[in-house]
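Values in this text are rule-based calculations from the coordinates and carry no lab data. Worth saying up front: this structure is predicted, and the values here are computed from it rather than measured. Cβ atoms come from the backbone with ideal geometry, glycine included; neighbour counts cover every protein chain shown.
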Amino acid sequence: MSDGADASDGLIPKTVVLGRILGVHGVRGWLKVFSETSPLENIFHYMPWLIDGDAHRVLAWRRHGKGLVAQLQGYEDRDQARALSGKTIAIQRDQLPPPSADEFYWIDLQGLRVETSEGVALGQVSHLIETGANDVLVVRGERERLLPFVWGQCVLEVDFKASRLLVDWDPAF
């Protein structure tokens, strides 16, 4: 997250990281791209990309093995492209479609305080894990807890204004 705002202070982030540049591919300025979107190719649905705060346009992209490669406007050779290695790929938050009432972007949940319905603080959402059955909240406090993100059963309420996620969970677990 960048641009000052983050979920931990109750504000929705202004930019969202979608991936990063892993390195160069070939001699014509192509880049290896790691995508955090699902499916991987969705990273190319959002333009322009913000890399170090500057807007970049993808000229071409393709699958390469199990990963992705792309060529950005203004990067015609390996040496130019190498300058982007290790950089994150972000977009403006308003480029994402708004989630429906019962959906949330994972990035918005990160940093929220997690409390039980009885008011016991469990910690903060560190990140989420995708599993086959349901997503799992990783909550870090006095210890790490893994809570299933099951709406209405475990997760009772998400309150962004209060930076809080209310859960039905036994603090002993």
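Answer with yes or no whether GLN153 is polar (S, T, N, Q) and part of a strand (DSSP E or B). Criteria not met by GLN153. Every listed requirement among (1) surrounded by fewer than 12 Cβ atoms within 10 Å (Cβ to Cβ); (2) without any contact (Cβ under 8 Å) to a residue 40 or more places away in the chain is met by GLY86 save one, (2).
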